[in-house]
Structures are given as structure tokens and as C-alpha cells.
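The values are calculated or read from the model by the stated rules, or taken from the named source; none is laboratory data. Just so it is clear, the model here is predicted, and its values are computed rather than measured. Note that each Cβ is placed from the backbone with ideal geometry, even for glycine, and that neighbours are counted across all protein chains shown.
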Amino acid sequence: MGEDAEEPKPRAFGRLHARVSAAPRELLAEVPSGPGIWTARVITLFPEAFPGTLGLSLTGKALDMHRWHLKPIALRPFGDGKHRNVDDTPAGGGAGMVLRADVLDRALTVAAEGTPDRALWPVIYLSPRGKPFDQATARRLAACQGVTLLCGRFEGVDQRVLDAHEIEEVSLGDFVLTGGEIAAQAMLDAVVRLLPGVLGNAASTEEESFSDGLLEHPQFTRPQVWEGREIPEILTSGNHAEIARWRSAQAEALTKARRPDLWEKRPKR
């Protein structure tokens with residue numbers, strides 16, 4: 001129980017092929033990284049899931065241009081025994097399996113090699129019981145030197161390893177996934193696009209949803225009339241001050257209607 005089918009050979013993509021007997025520095029040396037380059041280390045049972053969508057579009061281009069580094073760390077080689085077991089039944093009974101503390105400790109120790117303190121390099125467990133991930137968290141992580149993400153599986157991970165390594169728990173939302181890989185990719189996408197040089201127009205990050213605590217205003221483009229629907233006249237007026245006021249009013253109205261929780265958090269004017 002809890003064991004996965006034989007994993008396919010991972011594609012070569014800046015990934016750590018760990019051997020438990022190897023020294024941490026040897027493992028990390030397999031994927032070079034340059035000084036000052038934001039790096040994500042991802043501990044996962046499925047390293048072949050990466051880069052996934054992160055290898056596409058702007059994040060993929062930025063990865064190819066070494067604007068950031070991605071280092072998946074396969075968890076299975078850190079497992080115990082002949083079959084590299086990584087999980088066991090829950091203490092106290094219950095359904096499913098739990099990732100073992102000793103196995104995760106070995107992987108986290110390797111992942112921590114060469115990283116600075118937590119203020120500059122957070123360690124995060126993708127967990128539905130964690131603090132909600134938001135744009136402010138994305139900005140905080142983008143300002144760090146890198147991040148280590150732990151992708152859970154099965155019924156979760158042994159609480160003792162979370163406590164021992166003082167791991168931050170972050171949730172993508174009030175729902176449950178089969179594992180943390182999809183959540184990790186979504187989180188990294190939100191962070192990487194904020195890194196210098198990733199977006200062609202830095203102003204884009206200042207005008208989009210959540211940048212100032214509001215949802216983004218509606219967007220329009222050509223044709224001027226589509227299926228009898230016209231672009232709002234104000235947007236083609238050339239009056240930039242009026243356009244800015246219109247967009248602000250639209251953003252406020254949308255936020256108030258769709259996200260009253262965000263609206264209530266807005267500073268009172």
C-alpha cells in the first residue's frame with residue numbers, strides 16, 4: 001500500500017538525481033546555479049512533473065534565459081529499504097498513508113544545502129490547512145533568494161518533520177488535490193512572473209488583480225464592435241485621466257460585488 005508504480009526515467013531538466021549515500025553538496029552540484037539567480041527547489045515524488053507548465057510561455061523563456069532556476073528533488077531515492085519506502089500507515093489508525101519524517105528529513109537536509117536563513121529562503125509545505133497563498137505572499141517570495149517547496153502526497157506528512165524544520169504551510173485554496181505538484185507550479189508561476197526581467201512590461205504587475213487589493217478592471221481590444229457589443233466609449237476617448245478614473249471605479253465595483261472579503265480589508269478612506 002502507498003507504493004507507486006515504477007516511475008519512468010525522468011527527462012533531463014535541471015533535476016537532482018539523489019542517492020541517499022551521497023553527500024548533500026554532491027547532489028546539489030549536479031545542477032549548476034549562478035549567484036543572485038532566484039531558485040526554486042521542489043521536493044516531490046514526481047520530479048518528471050516539472051517543469052510542466054512552468055516550461056512554457058514567459059516562465060519557460062525566463063527559465064531558458066537563466067532568469068531563475070528550477071531544481072526538482074526526487075523524494076523516492078531517500079526512501080527506506082530495498083523498495084525505497086517513503087510512507088507508512090497513520091499512527092492511531094485511519095485511511096491512507098503518511099509520508100515518513102525520517103525520509104523527508106533526509107530530503108530536506110539535502111535541499112537546505114547552501115541556502116541562507118529562512119528570511120531569504122523560505123521552506124514551504126503545500127497544504128490545504130496552510131495560510132492562504134495571495135499576491136502579497138508571491139511578492140514576498142519574489143524578494144527572497146529562492147524557495148524550497150515540499151509537495152505532499154497521500155494523507156499528508158508526519159507533523160514532526162514540519163515542526164523540526166519549522167516549515168511554513170501554505171494553501172492554494174479551500175480544496176484538496178491529490179498532491180502538491182500542481183499547487184507548487186501555480187505558486188511558482190505567480191512568483192516567477194514578478195522577478196526582474198520576466199515580464200516585458202513591469203507596469204503589468206502594478207495594474208493587475210490584487211496589486212492594490214482590488215480585482216482588475218474589465219479589459220477590451222479590437223474589433224471596436226463585436227456581435228453588437230461595443231468597447232466602452234471612454235476607453236477610446238484618449239482622455240487618460242478619465243480612463244484611469246473609469247478603470248478604478250470598475251475595479252472597485254467588481255471587488256465589492258464578487259469579493260466582499262477583499263473589499264472589507266481595503267483601507268478606509
- Note on the structure: Those residues of region 96-115 that are in contact with a strand residue (DSSP E or B) (Cβ under 9 Å, 6 or more places away or on another chain), within 23 Å of residue 37 (Cα to Cα) and either without any contact (Cβ under 8 Å) to a residue 60 or more places away in the chain or assigned to a loop (DSSP other than H, G, I, E, B) (or both) come to a total of 2
- Report whether or not residue 84 is surrounded by fewer than 19 Cβ atoms within 10 Å (Cβ to Cβ), over 24 Å from the mean Cα position of the chain (by Cα) and modelled with pLDDT of 95 or more. yes
- Item | Evaluation of residue 93 against (1) touching a residue at least 24 places away in the same chain (Cβ under 8 Å); (2) of a type outside the set (Phe, Trp, Tyr); (3) outside any helix (DSSP H, G or I) (one fails), failing number | (1)
- Message: Can you confirm whether residue 122 is surrounded by 15 or more Cβ atoms within 10 Å (Cβ to Cβ), within 26 Å of residue 173 (Cα to Cα) and modelled with pLDDT under 95?
- Response: no
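Could you check how many residues of region 212-269 are in a loop (DSSP other than H, G, I, E, B) and of a type outside the set (Ser, Thr, Tyr)?
23
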- Item | Pairs, first modelled with pLDDT under 95 in region 48-71, second in a loop (DSSP other than H, G, I, E, B), C-beta under 7 Å, six or more apart | none
- Of the listed residues (195, 149), the one being in a strand (DSSP E or B) and within 25 Å of residue 63 (Cα to Cα) is 149
- Subset of region 166-182, residues buried (at least 20 other Cβ atoms within 10 Å of the Cβ) and over 14 Å from the mean Cα position of the chain (by Cα), comes to 167
- Item | From 100, 140, 193, 106, residue being surrounded by fewer than 16 Cβ atoms within 10 Å (Cβ to Cβ), modelled with pLDDT of 95 or more and not polar (S, T, N, Q) | 140
- Name every residue in region 219-269 that is among the charged types (D, E, K, R) and under 27 Å from residue 134 (Cβ atoms), in order of residue number. 245, 247, 252, 256, 258, 259, 261, 264, 265, 266, 268, 269
- Task: For residue 161, indicate whether it is more than 19 Å from residue 38 (Cβ to Cβ) and part of a helix (DSSP H, G or I).
- Result: yes
